[in-house]
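First up is the structure itself, then whatever we jot down about it.
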Amino acid sequence: MNFVKDVNKHEEMWERQHELAAHKIYSMCSDLGGFFLKIAQILGKPDLAPAAWVRKLVTLCDHAPATSFDAIRVVLEKEFGRSIEQVFETFDEMPLGSASIAQVHRARVKGDKRDVVVKVQHPGVEKLMMVDIRNLQIFALYMQKTDIKFDLFSMTKEIEKQIGYEFDFKREANAMKKIRRFLYDNNRKSPVLVPRVLPNLVTRKVLVMDYMNGIPILSLGDEMAKRGINPHGKMAEAAKFNILNSLSQAYGQMILKSGFFHADPHPGNILISKGSEVALLDYGQVKELPDHLRLGYANLVIAIADNNASLALQSFRELGIATVAKCKNEQQELLQLAKTMFDTEMPPGTTTLQPFSEDSSIKKISVEAFPEELFSVLRTVVLLRGLSVGIGINYSCAQHWRSMAEEALVASGRLSTGRKQKRRCSSLRRLYPGP
């Protein structure tokens, strides 16, 4: 009994330390702003950080420091060339949320009874953000000289490119329309809701779109508890599974079938509407994969789903991921590295990953070169893994996406229908394991 008490005290001590650290990191990221708000999104992932960090840092996804309404009014009137009152019937001065690049306000356009969301860029944030990223690149070059043998600099170059795109809301509006059209045209019912853009009210710094009603995905458990639903009961688990299934279905289709995908599924960009419908917001970060990378990734998905180490090695080479082994069982360690990087499933009995621990695959397999264009896929999978851990469901996106990967390869002529059927039978047994 004394031992149990000591363990409890030990855990309480660590919890206090985590709370203190979370507050300090929150304050630092909040005060510095810019790219540090995006760093908070990464540090606040349930599969990487203590629960105290997640609770505190996740608020910076959509409750970062806001710009004053007076400054927002200046941006709006400069962009539209008219006063707010001339454009909007109503406009809430208090923002619905604020993130690293912009904040959003609820409004109603003149002559239209529907509520809309007005996304307005924070003044001066572009220059600040790009300075932060260039500092990050210097840090990445330094880290590559330590025992972390990973091509971090290529990742920061892709981050620089993607963040640069986020400041062009016209580009974002076009991306939103393209993804909405793809998902709505290729499904009887789209797996996720995508806001409709008001095309006459889009500029480089202002974007007006449909208002989506819902609750943030990581607030789902609290919302269920408020309504008297056991967050761990059968009804809640079924709702969570449906939510995760919808998200995973949408991303599998976007990445493997279209090659053009939403690349920022952090908790602040996902709302849960009535009937467990999922609304996917914020299309500032999107990515279009060239066909050779899309199909190479499809091969890697099959390798991970089938635990096929030789196919994983072949897929890495095809994708241009150059590795150097520092261990005897290279293929098995490389397969484990592929799972860590490109699958959402957590190892049995774990809820947090330690990618740079001494026995991790990243320490045993050096990644000497990593294609910049693949970083968005890696980031998307990592964020999806954080979401799945956050809502308490451990699943493999590779197994879920396996059939879509095969369909992509068949459509390209790289896989025959006979081989597809043979592979699919073994995959289904993994996807729906028995009790």
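Below, the figures for the structure above:
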{"quantity": "Given (1) assigned to a helix (DSSP H, G or I); (2) more than 26 Å from ALA102 (Cβ to Cβ), index of the condition GLY228 fails", "calculated": "(1)"}
{"quantity": "Restricting the range 13-62 to residues that are at pLDDT below 75 and open to solvent by 80 Å² or more (accessible area, probe 1.4 Å), the residue that is farthest from ASP92 (Cα to Cα)", "calculated": "TRP14"}
{"quantity": "Sole exception among (1) in contact with a strand residue (DSSP E or B) (Cβ under 8 Å, 6 or more places away or on another chain); (2) crowded, with 23+ Cβ neighbours inside 10 Å; (3) not acidic (Asp, Glu) for PRO216, by number", "calculated": "(2)"}
{"quantity": "Lone qualifier among GLY259, GLY275 - being out of contact with any helix residue (DSSP H, G or I) (no Cβ under 7 Å at 6 or more places or on another chain), without any contact (Cβ under 8 Å) to a residue 40 or more places away in the chain, under 26 Å from LYS177 (Cβ atoms) and among the small types (Gly, Ala, Ser)", "calculated": "GLY275"}
{"quantity": "Matching residues in the range 58-91 - criterion: being under 18 Å from VAL208 (Cβ atoms) and of a type in the set (A, V, I, L, M)", "calculated": "ILE72, VAL74, VAL75, LEU76, ILE84, VAL87"}
{"quantity": "Residue count for the range 106-126, restricted to those that are more than 17 Å from GLY284 (Cβ to Cβ) and either within 24 Å of the chain's Cα centre (by Cα) or in a strand (DSSP E or B) (or both)", "calculated": "6"}
{"quantity": "Some residue of the range 293-316 being in contact with a strand residue (DSSP E or B) (Cβ under 6 Å, 6 or more places away or on another chain) and at pLDDT below 95", "calculated": "no"}
{"quantity": "Condition check for THR67: at pLDDT 75 or above and among the hydroxyl-bearing types (Ser, Thr, Tyr)", "calculated": "yes"}
{"quantity": "Within the range 353-380, considering residues that are closer than 24 Å to GLY268 by Cα, in contact with a strand residue (DSSP E or B) (Cβ under 9 Å, 6 or more places away or on another chain) and open to solvent by less than 10 Å² (accessible area, probe 1.4 Å), the one modelled with the highest pLDDT", "calculated": "VAL377"}
{"quantity": "Selection from the range 174-201 of residues that are open to solvent by less than 20 Å² (accessible area, probe 1.4 Å), in contact (Cβ under 8 Å) with a residue 60 or more places away in the chain and closer than 30 Å to ILE133 by Cβ", "calculated": "ALA175, MET176, ILE179, VAL192, VAL194, PRO195, LEU201"}
{"quantity": "Residue among PRO216, PRO191, PRO195, PRO231 that alone is over 24 Å from THR59 (Cα atoms) and touching a helix residue (DSSP H, G or I) at 6+ places or on another chain (Cβ under 9 Å)", "calculated": "PRO191"}
{"quantity": "Test: ARG402 is among the basic types (Lys, Arg), crowded, with 17+ Cβ neighbours inside 10 Å, part of a helix (DSSP H, G or I) and at pLDDT below 85", "calculated": "no"}
{"quantity": "Scan of the range 132-162 for residues that are part of a helix (DSSP H, G or I), closer than 16 Å to ALA322 by Cβ and open to solvent by less than 50 Å² (accessible area, probe 1.4 Å), ordered by number", "calculated": "LEU152, SER154, MET155"}
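A quick yes/no check of all residues on (1) closer than 20 Å to GLN285 by Cα; (2) assigned to a helix (DSSP H, G or I); (3) modelled with pLDDT of 95 or more:
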position	(1), (2), (3)
GLY164	yes, yes, no
GLU172	yes, yes, yes
ALA175	yes, yes, yes
ILE179	yes, yes, yes
PRO191	yes, no, yes
MET209	yes, no, yes
ASN213	no, no, no
GLY221	no, yes, no
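The values are calculated or read from the model by the stated rules, or taken from the named source; none is laboratory data. Computed from a prediction, not measured in an experiment: that's the story for all the values here. Glycine also receives a Cβ, built like all others from the backbone with ideal geometry; neighbour counts cover every protein chain displayed. Accessible surface areas use protein heavy atoms only, side chains included; no ligands, DNA or RNA. Shrake-Rupley method; radii C 1.70, N 1.55, O 1.52, S 1.80 Å.
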